[in-house]
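The values are calculated or read from the model by the stated rules, or taken from the named source; none is laboratory data. Every value quoted in this text rests on a predicted model; they were computed, and no experiment measured them. In this analysis, Cβ positions are derived from the backbone assuming ideal geometry, glycine residues included, and neighbour counts consider all displayed protein chains.
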Amino acid sequence: MDGATENCALNANDPTVPSNQNGNGNGNGNGNGNGNVNGNGSGNDANGSGNDGNGSGNDANGSGNENVEIILAEDRKLTSDVWPHFVRVKFNGEIKAKCKYCRKRLGGDTSNGTSHLRNHYKTCTQRKIHDGRQRVLGPDYKPTGKPLLSATQFNSDVSRKELCSMIMVHEYPLNIVEHVGFKRFCCSLQPQFTVPCRNTVKRDIFALYGAEMAKLQKVLDGNIGRVAVTTDMWTATNQKMGYMAVTGHFIDNSWKLKNMMLSFIYVPAPHTSKRLGDRLFKCLLGWNLDRKLSSITLDNCTTNDAMITHMKTKLASDDLLLDGVLVQMRCSAHVLNLIVKEGLEVIKDGIELVRDSVVYWKSTPKRVQTFFETAKQLKVPCEKQLVLDCPTRWNSTYDMLSTAIVYRDVFSRLRQWDSQYTTVPTSMHWEFAAMVIDKLEIFSEITKLFSGSKYPTANLFFPKVCDLRLKLLEWCADTNSLISAMAESMWEKFSKYWDDIHLVLAVSVVLDPRYKLHVIEYYAAKFGSTNTDLVADKIKQCICGLVLDYQTKSERNNSGSSTAYDSSSTPANDDLDFELFVSRRKKSKATLVHTELDHYLLEELIPKRSPDFDILMWWKLNGLKYPTLQAIARDFLAIPITSVASESAFSSGGRLIDPHRSRLHYDTIEAMMCTRSWIMEEMQQESSKAAVEAMEGVFSALAISDSSTEDQDEAVQGGLVMRKHLISLDD
């Protein structure tokens, strides 16, 4: 038997090769032509031997060399898990991989890789139809609502991925997979699932970390706008090791505000400005953000100031906003904290008796019980526990006073029962505490408002901080000497940081169509003519500079082959043409800036109290009218004015690095912290989307059932308003 007959016989016995395959080339062993397997052109020989008959087959000339398919014998084992679903053949002189289900031929050479084969395997309809794996009816868990029943198949890879996600999201220890109870539980659910060991789970976590990182990198690379960064340092108590949390904030291409943890970096001691700057710069390079950076928000300390100076030497000034003038953004929450702490230091003696009373009645369980029994007897409408303030947190002092003042009658009554209780506040002390609470309330409201990370905050801060400035000026003239002394101390600290934060905030508020330059002029009039730093012309000039800067960089990025075109000119003509070009460009730029910016400023303001106003959606819809201002708004509205996003990571870090997991390697900690953040973000997006779809379905059904009912019309309108808020759902 010659080689061709042997291959035809192999084809006939292989169930993956159809019986009507055209064999050709030197096809039959004893035929007279080069025809197909059957010889008479039908190709349907039941024995598949290809030895009977003669003739031309499919080719009129009898050549038949175009449809030869030869199964290749493998010299080595193919290691990819996708090869059991394909067979390698030689077809028309090329090596192909033929699908065993739909018979489609794809590139089968080893140099082609296996990604295309895997993609075909996932989408092959014939495989899905003839898949012999058993399906079971089980719940399909959704982010919201009750689980729905669906036909599912067991997949160990999916189960291991979900196991890693569960461990990171819920902060379980890695050795949970070694617990006997957990293994028995998994076996009861699916006996075919082999619970991996701790080291295998760790490898799976790193694999998931790499996959999620690649997805985020693709999002950042494809994003049009810049990325703002927040960073903060934290020392793990159980490890005595320092970690730097780096979070990125940006507005994506669909105009949704996103914040993603970029790194949770171990920083060895000592934490000098140079070492911190090098680690942060390395993080930016790793994510390819060194040319897309808008600002860095961090706490106020001399080390961070020196770190920013060191960073500016590494970053190209041409890639920064206004050559790096706005690169440093001081954490506004930390500024407020410093201002309030400065004022509380002055009045600490005035609230000392209140603090001593709280300490006394929280010292023992018996005293706590007696305190609340007395409160119940006096019918005090409050069930809050007494709060003792912390020296490093001003809001804890506010919480202590606001809770204690509710129980002022309880403290007075307990003085009659307990002779050892001698630090009873008098009426004068309670009146002073009430004044302090009133003064600190504005700080508390501002801090809560600006701690959000799911909505823009830069445009909201300026009116609030201006109101705070007016309040401080008013308190400085208070008749109470302690209050005026507190206000003067706060004003001194406020003035120190005002110049560092108001420029970015002023630009952001002008880009809010509810305020524009009118809010600048309003507060300039409130502060009087001596406050020249709030003149509207100065802010407008800054925005004009930003518009020119953005247009120049946009033209630079879009410049094509102008250099090659100009190279044919003579040197003299080059100089003359260049001067003419620059003069025209200056005129065109000035006209464009004033046209776009002035047109925006001359438009009527949007009503300030619109409950459903979405500033990001407004700029998304008005991008064609104001393209350059839209690009500026995309970058500035994404700038966080606090470092809360980075500080919140330390809460999870403290739970992760507990005394029982203090030996985790810092690479493992970074992988778990970052992947947890990315998975949680995906889960929140799915939850928000599912909630919006469910609400749209409910209100659509109401509208269809009886469109004439007024109550249902109001419900539909309310649902549409709520839909806009759910899309940007906060934690």
TODO: Test Y398 against the stated conditions and say whether it is touching a residue at least 40 places away in the same chain (Cβ under 8 Å), under 22 Å from I442 (Cα atoms) and among the aromatic types (F, W, Y).
DONE: yes
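Having 3 or more residues that are outside the structural domain of K553 (by TED's automatic domain parsing) and out of contact with any helix residue (DSSP H, G or I) (no Cβ under 7 Å at 6 or more places or on another chain) is the bar; report the helices (runs of 4 or more DSSP H) wholly within segment 304-391 that clear it. Before the answer, list the steps.
Values: elements: 332-346, 352-361, 365-377.
By residue number, 352-361, 365-377.
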Task: The one condition in (1) crowded, with 16+ Cβ neighbours inside 10 Å; (2) closer than 25 Å to V340 by Cα; (3) in contact with a helix residue (DSSP H, G or I) (Cβ under 6 Å, 6 or more places away or on another chain) that Y421 fails to fulfil - done: (2)
Open item on the list: List pairs: first residue in segment 237-261 and outside any strand (DSSP E or B), second residue aromatic (F, W, Y) anywhere in the structure, Cβ distance under 9 angstrom, at least six positions apart or on different chains.
Closed with: Q239/Y666; W255/W619
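Given the structure, is G277 in contact (Cβ under 8 Å) with a residue 12 or more places away in the chain, assigned to a helix (DSSP H, G or I) and more than 30 Å from L616 (Cα to Cα)? Can you show your working first?
Values: in contact (Cβ under 8 Å) with a residue 12 or more places away in the chain: yes; assigned to a helix (DSSP H, G or I): yes; more than 30 Å from L616 (Cα to Cα): yes.
Criteria met by G277.
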Task: Scope segment 353-387; condition loosely packed, with under 15 Cβ neighbours inside 10 Å and either more than 18 Å from Q420 (Cβ to Cβ) or small (G, A, S) (or both); matching residues - done: S363, K376, Q377, L378, K379, P381, C382, E383, K384, Q385
- [ ] Please determine, by comparing only the residues of segment 220-239 that are more than 14 Å from the chain's Cα centre (by Cα) and among the hydroxyl-bearing types (S, T, Y), which one is surrounded by the most Cβ atoms within 10 Å (Cβ to Cβ).
- [x] T231
Open item on the list: Just to check your reading of the model, which residue among V325, V387, V380, V368 is within 21 Å of Y407 (Cβ to Cβ) and within 41 Å of the chain's Cα centre (by Cα)?
Closed with: V387
- [ ] Just name the residue that is farthest from V507 (Cα to Cα) out of those in segment 299-322 that are of a type in the set (A, V, I, L, M, F, W, C) and within 23 Å of the chain's Cα centre (by Cα).
- [x] L320
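Starting from residues that are closer than 18 Å to N199 by Cβ and of a type in the set (S, T, N, Q), keep the ones in segment 142-164 and report whichever is modelled with the highest pLDDT.
In the first step, residues of segment 142-164 are kept if they are closer than 18 Å to N199 by Cβ; the result is 156-157, 159-161, 163-164.
Checking the rest, the ones that are also of a type in the set (S, T, N, Q) come to 156, 159.
Details: S156: 84, S159: 89.
Per the criteria, the residue is S159.
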Task: Scope segment 309-329; condition more than 23 Å from V547 (Cα to Cα) and crowded, with 20+ Cβ neighbours inside 10 Å; matching residues - done: M311
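Residues are listed down the side, and each one gets a yes or a no for (1) more than 25 Å from D157 (Cβ to Cβ); (2) within 44 Å of the chain's Cα centre (by Cα):
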site	(1), (2)
I70	yes, no
A73	yes, no
T79	no, yes
H85	no, yes
K90	yes, no
G93	yes, no
K96	yes, yes
C102	no, yes
L106	no, yes
Task: Subset of segment 474-509 [in contact (Cβ under 8 Å) with a residue 40 or more places away in the chain, of a type in the set (A, V, I, L, M, F, W, C) and closer than 30 Å to I543 by Cα] - done: F494, I501, L503, V504, L505, A506, V507, V509
